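Taking it in order: structure first as structure tokens, then the write-up.
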Amino acid sequence: MEKSSQSLRTPRAAGLVGIIFAILLAAAIVLVRLAIPHEGSKGASSWFSDPSRRHTVETALSLIPFAGIFFLWFMGAVRARIGEAEDQFISTVFLGSGLVFVATLFGAAAAAGSLLVTADAAGVDSQLQVWSFGNHFTYNLLTTYSMRMAAVFTFSTSSIGHRLGVLPRWLSLLGYLVALILLFVTGNIAWSELVFPGWALILSLYILVASFRPRPVPAVSS
């Protein structure tokens, strides 16, 4: 009875923590995008002198550690739902890409936080150089590396779900599409990185709803 109860709680936990992760990450991305404009846009080199924008960035940075924690919990719950039937090769890619995603996400947050501190310490003449380096470093780490790892994680999760039949075909195809967007579009089109938390939200909602459905009883061969 205890094992059956645990198997029932695991997908619900995956759904709940996945929803929280998606909301936190989406909120952080939106806040950073609104507060820190791209290089060459109006006010790009003076955002850190605006108290409201600085507060927005600080709020976004405070959300990212919690998003990473819930993402790790989400990974564990999803893997527990898959069970022992997982393919070792794909599961290794699943775990590796997820861990590297969290590491690069934290790195981007640390870079943005360092940019705030350095901008305060730098003189007026050197603030533009500080901004140029910090802006490129933060955005490249987020859009080039973190989102690429998110693409690999999305692709491996969709592949595992499709091969084991734990995800419907439409959700697996959606995952493949999101992975392609993260691989080839993110970095060139602003806001496109929001497709990852959007996919995580849809996946989590499906897992949560599916956890309340009765599981089919396997046929017993005579």
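Structure notes:
- Placing dummy labels 7 Å off each Cα toward the beta-carbon, the span from residue 192 to residue 180 is 1.2 nm.
- J(HN,Hα) series, region 188-204, from Karplus relation 6.51 cos²θ - 1.76 cosθ + 1.60, nearest Hz, glycine and proline x: 9, 10, 5, 6, 5, 5, 5, 5, 5, x, x, 5, 4, 5, 5, 4, 5
- Ranked 204, 192, criterion: other C-beta atoms within 10 Å, fewest first: 192, 204
- Integer Hz, Karplus 6.51/-1.76/1.60 couplings in order for region 27-32, x for Gly and Pro: 5, 5, 5, 4, 5, 5
- Full extension of the chain segment joining residue 140 with residue 114 gains 7.8 nm, where the gain is 0.36 nm per residue of separation less the Cα-Cα distance.
- Between residue 99 and residue 54, the simple label model (points 7 Å from Cα in the Cβ direction) yields a spacing of 3.8 nm.
- Whole-Hz ³J(HN,Hα) from phi, Karplus 6.51 cos²θ - 1.76 cosθ + 1.60, for region 88-98, glycine and proline x: 5, 5, 5, 5, 5, 5, 4, 5, x, 5, x
- The length gained on full extension between residue 89 and residue 209, counted as 0.36 nm times the residue separation minus their Cα-Cα distance, comes to 40.3 nm.
Each value in this text was obtained by applying a stated rule to the coordinates, not by laboratory testing. In this text the structure is predicted, and so the values were computed from the model without any measurement. Here Cβ is always computed from backbone atoms with ideal geometry, including for glycine, and neighbour counts include all displayed protein chains.
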